[in-house]
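Below you'll find the structure, written out as structure tokens, and then a few comments.
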Amino acid sequence: MNIMNNVMGKVSPRYRSLSRWCENYVEILSMKDLSPKTMTCRRANINNLIEHLGDMAVAQIQPMHVARAVRAVTDSGRPYAAKNMLKEANSVFNEALLAGWALTNPAAHLKPLRPQPARSRLSLEQWQRIYRHAEVHGQGWLTHALRLALLSGQRRTDLVNLTFKHEWDGHLHVHQQKTGERIAIPTCLGLNAIGMTLADALEECRRYHQSGTHLLRKKGGKQLGAASLSTRFAEARDHVIAPGEWRGKMPATFHEIRSLSERLYRDQGVDTMTLLGHRSQKTTDGYNDDRGLTHGTWRTVEMSRVSESAEKR
């Protein structure tokens, strides 16, 4: 079959292998304005697709072949990789259609995957326990990182890059590394749940380890790495939270402070979509989902919201 495809491939690109088309597809992606991190993720999706279907001629790939590839990746314990591969396959074959390499898009017949998140969310009470432990036993910078993460709602990679020069005109200016979004957060913004503002957290950052330009820094003033935040957070978390509290899910990581921040700020009526740097409310709503964290607890109806609803009528 490969010999026949090689012969026919000289006449029609539809008989050339998917791996050959993916070489062209990568060139198409390279002409788009994609960040290096996004490009790395896209290449990983493409490589997964090539691993399972790369030797097949583009014209021979049917929906059942794509389904088998997706199932194989899912069965290997990588449901999110399978989800991303299917999404990439749709793009791969759409571009192949436009270039005359395919007549149909076999990936278009498959429903998008919705894998269940395996990682638990973090509650405020759990965050407070971790914070109290860090105050006594943790690295000097850990409590500052916990406060700054909760009050700003930003990713760990952005937190470690923040310097005092990022604060001006009453705002903390964050240029998000992942998406390129530029967010100006009022330093007067605060969380009622912990009785602190972002300005308070910034002032605390100024007071410890006087030398250094970064908000989060080591004793010598050197910048922290994002991995250090995750490692020290996990150590403190495991000291104060028993494995059974996660209800069979993976323990919450440092990144889950971002979701906790969103949930707390939304309860205060803050524009969390802008705070988190999202362009879609649907993305922000994903952070608002507590993944069953409050399942079985009573939710109290707030009278102020009832009054607002009545007035609108």
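The values are calculated or read from the model by the stated rules, or taken from the named source; none is laboratory data. Keep in mind the model is a prediction, meaning the values are calculated, not measured. Cβ atoms come from the backbone with ideal geometry, glycine included; neighbour counts cover every protein chain shown.
Which one is surrounded by the most Cβ atoms within 10 Å (Cβ to Cβ) among residues in region 12-31 that are among the polar types (S, T, N, Q) and closer than 30 Å to Gly180 by Cα? Lay out the reasoning, then the answer.
Going residue by residue through region 12-31, those that are among the polar types (S, T, N, Q) are 12, 17, 19, 24, 30.
Imposing the further condition that a residue be closer than 30 Å to Gly180 by Cα reduces the set to 24, 30.
Details: Asn24: 15, Ser30: 10.
If we take residues in region 12-31 being among the polar types (S, T, N, Q) and closer than 30 Å to Gly180 by Cα, then Asn24 is surrounded by the most Cβ atoms within 10 Å (Cβ to Cβ).
Okay, residues lined up against (1) surrounded by 15 or more Cβ atoms within 10 Å (Cβ to Cβ); (2) assigned to a loop (DSSP other than H, G, I, E, B); (3) modelled with pLDDT of 95 or more:
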| residue | (1), (2), (3) |
| --- | --- |
| Asp33 | no, yes, no |
| Ala44 | no, no, yes |
| Ala59 | yes, no, no |
| Arg68 | no, no, yes |
| Val73 | yes, no, no |
| Tyr80 | no, no, no |
Kindly evaluate Thr157 against the criterion of being farther than 20 Å from Glu203 by Cα, in the same structural domain as Met273 (by TED's automatic domain parsing) and surrounded by fewer than 23 Cβ atoms within 10 Å (Cβ to Cβ). yes
Checking Gly244 against (1) free of Cβ contacts under 8 Å to residues at least 12 places away in the same chain; (2) over 15 Å from the mean Cα position of the chain (by Cα); (3) farther than 23 Å from Ser120 by Cβ; (4) surrounded by fewer than 16 Cβ atoms within 10 Å (Cβ to Cβ): exactly one of these is not met. Which one? (3)
Take Arg206 and decide whether it is of a type outside the set (Val, Ile, Thr) and at pLDDT below 95. yes
Please name all residue pairs, on different chains or six or more residues apart, with Cβ atoms under 6 Å, provided the first residue is in region 190-218 and is in contact (Cβ under 8 Å) with a residue 24 or more places away in the chain and the second residue is among the charged types (D, E, K, R). Ala201/Arg147; His209/Arg217; His209/Lys219
Give His166, His175 a once-over and let me know the one that is touching a Lys or Arg at 6+ places or on another chain (Cβ under 6 Å) and at pLDDT 95 or above. His175
Can you pull out the residues in region 105-140 that are polar (S, T, N, Q), in contact with an Asp or Glu (Cβ under 8 Å, 6 or more places away or on another chain) and outside any loop (DSSP other than H, G, I, E, B)? Gln126
Across (1) polar (S, T, N, Q); (2) at pLDDT 95 or above; (3) in contact with a strand residue (DSSP E or B) (Cβ under 8 Å, 6 or more places away or on another chain), Ser91 clears everything bar (3)
All conditions in (1) surrounded by fewer than 17 Cβ atoms within 10 Å (Cβ to Cβ); (2) of a type in the set (A, V, I, L, M); (3) farther than 25 Å from Ile185 by Cα are true of Ala227 except (3)
Matching residues in region 141-156 - criterion: being within 16 Å of Arg237 (Cα to Cα) and in a loop (DSSP other than H, G, I, E, B): Trp141
For region 186-202, state whether one or more residues are surrounded by fewer than 16 Cβ atoms within 10 Å (Cβ to Cβ) and closer than 20 Å to Thr157 by Cβ. no
On the given criteria, is Lys178 surrounded by fewer than 18 Cβ atoms within 10 Å (Cβ to Cβ) and in a loop (DSSP other than H, G, I, E, B)? yes
Quick check on this structure: which one of Leu162, Leu264 is under 14 Å from Trp141 (Cβ atoms) and touching a residue at least 24 places away in the same chain (Cβ under 8 Å)? Leu162
Any pair with Cβ under 6 angstrom, 6 or more apart, that starts in region 37-64 at a residue that is within 14 Å of Ala96 (Cα to Cα) and ends at one that is part of a helix (DSSP H, G or I) and of a type in the set (Phe, Trp, Tyr): Ala57/Tyr15; Val58/Trp21; Ala59/Tyr15
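Output the residues belonging to region 82-104 that are part of a loop (DSSP other than H, G, I, E, B) and either crowded, with 22+ Cβ neighbours inside 10 Å or in contact (Cβ under 8 Å) with a residue 40 or more places away in the chain (or both).
Scanning region 82-104 gives Ala99, Gly100, Trp101, Ala102, Leu103.
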